[in-house]
Amino acid sequence: MDLYEYQGKELFRRFGIPVSDGRLATSPEEARTAAQELGGQVVVKAQVLTGGRGKAGGIKLAEGPDDAESHALAILGMDINGHVVRKLWIESASDIAREYYLSLTFDRGEKKALFMFTKEGGIDIEEVAAERPEALARLHVDPFEGFQTYQARRLIYGSGIEDEGEQKQIAKIVEQLYAAFVGADAMLCEVNPLIVTPEGQVKALDSKFTVDDNALYRHPDIAEMRDLEAYPPEERAAREKDVTYVKLDGEVGVLGNGAGLVMSTLDVVALAGGRPANFCDLGGGGDAQGVVDALEIIGADPQVKAILFNIFGGITRCDEVARGILQALGQLTIDEPIVVRLDGTNAEEGRRLLQEAAPPNLHVEPTMLEAAKRAVELAA
Ligand code: GDP
Ligand code: MN
């Protein structure tokens, strides 16, 4: 789960990492009030779950409340890389002497957490990594040893930070960032830029914080930070109903039971000349209610022009799935054609049930390839 900048900064604050004071605003009036309360210059920052906000015009310096209000008016509703701005973070402006970069992520190859630090922060880190890799200090932390203070020193000396005050502050932040990463079960903690003010104070001016979904049950406070409005309605429904759902960009909705079967169904749709719009995995169970939920979610995606239902009955019995399909069709209004391939345990019984009920938009095909071809045809 990706956190907004202001949420990541809230976590930074909890772990002692210095951040500026700020307020959340969802309207120009709230932005004005926030600027009044903070006093002095403020920065109006678009809160969207994507980077490059500065470049897109989503970050503006304001002299005071009037300015903050007019910048807020311009930034709210702005589209940044496909994300519409609905929230702003109004923050006391900082004077910047230098911009550094600090991050902590997983190096899956090494099976260790990886710190990266460079004095060339602020801009795209990918550029620094590609053009001047020697400027990027990298350091792994062994999970069994945990973080050791000498590692912070190595990272800092390795990247040529010479000022003693900076060295001390950054060393502390490095340690705190590791504590935040482990403490919040994060996948990524990135600070770009980590700034030094003209007075020599180091602080986090931005935050990119990703928490492992699988660990959210241990962090109810972080789980609550999820912004459901940032997801399309069918993704929201999938989350609520605990259905595995992935959005893609074609026109055939795909439903199957089991990850392997679903993956091969995607391939077969491509082989038949079509493109999947999304997919749902019913998992091993696939009882009637599960089918109703999945069909509802798939059908809610406006890009879906046909639905391909691929079931191999093992533990999941095909007659049960067939009943689920019929029950779903009774409860929902699904206008798109549905192509069903049923095979495996109780397949004949399942097909018989479907054929007897014979809803007009339901097509039963004997094999996976024929079903995919039919679905692609119907979606065209
Ligand atoms: P991003 O573009 O999404 O990475 O957003 P950032 O929060 O990193 O801001 C982008 C840039 O805006 C920073 O690198 C700074 O140069 C500038 N910026 C952000 N906050 C301040 C601030 O308080 N004062 C000044 N002077 N510049 C800021
Ligand atoms: Mn940034």
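Every number here is computed from the coordinates shown, using simple stated rules; none is lab data. Remember, it's a predicted structure, so these values are computed and weren't measured experimentally. Heads up, the Cβs are rebuilt from the backbone with ideal geometry, glycines too, and the neighbour counts pull from every protein chain shown.
Of 49, 248, 216, which is the most mobile in a GNM of the chain whose springs link Cα atoms less than 10 angstrom apart?
Result for the chain, Cα springs under 10 Å: 248 fluctuates most.
Out of every Cα-Cα pair in the range 285-380, what percent are more than 24 Å apart?
Of all Cα-Cα pairs in the range 285-380, 11 percent lie more than 24 Å apart.
When Rg is the radius of gyration of the Cα atoms in the range 145-209 and Rh is its Kirkwood radius, what does Rg/Rh come to?
0.97
Have a look at 24, 261, 139 and tell me which one the Gaussian network model of the chain (Cα, springs below 10 Å) gives the largest fluctuation.
Highest fluctuation of the listed residues: 261.
What distance in nm separates the simple spin-label points at residue 110 and residue 369, each placed 7 Å from Cα in the Cβ direction?
With each label point 7 Å from Cα toward Cβ, the separation is 4.7 nm.
Do you know the relative contact order of the range 91-183, to the nearest whole percent, from alpha carbon pairs under 8 angstrom that are 6+ apart?
Taking the mean separation of contacting Cα pairs over the length of the range 91-183, I get 23 percent.
For the range 1-145, report the translational diffusion coefficient in µm²/s to the nearest whole number, using Stokes-Einstein at 20 °C, 1.002 mPa s, and a Kirkwood Rh over Cα pairs.
127 µm²/s
Report the trypsin sites (Lys or Arg not before Pro) located in the range 1-76 that are in a DSSP loop and have at most 12 other Cβ atoms inside 10 Å of their Cβ, or state none.
Here the trypsin sites (Lys or Arg not before Pro) that fit, given the DSSP loop and packing criteria, are 55.
Would you work out the relative contact order for the chain, in percent, from Cα pairs under 8 angstrom that are 6 or more residues apart?
12 percent
If the elastic network links every pair of Cα atoms under 10 Å, which of 169, 148, 36 fluctuates the most in the Gaussian network model of the chain?
148
Rg/Rh for the range 165-285 to two decimals, with Rh computed the Kirkwood way over all alpha-carbon pairs.
Computed over Cα atoms, the ratio is 1.17.
Calculate the radius of gyration of the Cα atoms of the chain to one decimal place, then report Dmax, the largest Cα-Cα distance, as a whole number, both in Å.
25.9, 81
Could you size up the charge dipole of the range 21-138 around its Cα centre, putting +1 on the beta carbon of Lys and Arg and -1 on that of Asp and Glu, and report it in debye to the nearest 20?
500 debye
Between residue 228 and residue 127, how high is the FRET efficiency from 1/(1 + (r/R0)^6) when r is the Cβ-Cβ distance and R₀ = 35 Å? Nearest 0.05.
Efficiency, from the Cβ-Cβ distance: 0.55.
For the chain, what does -39500 (n - 2.57) per DSSP helix run (n ≥ 4), summed and divided by total residues, give at 222 nm, in deg cm²/dmol to the nearest 500?
So the helix-based figure for the chain works out to -11500 deg cm²/dmol.
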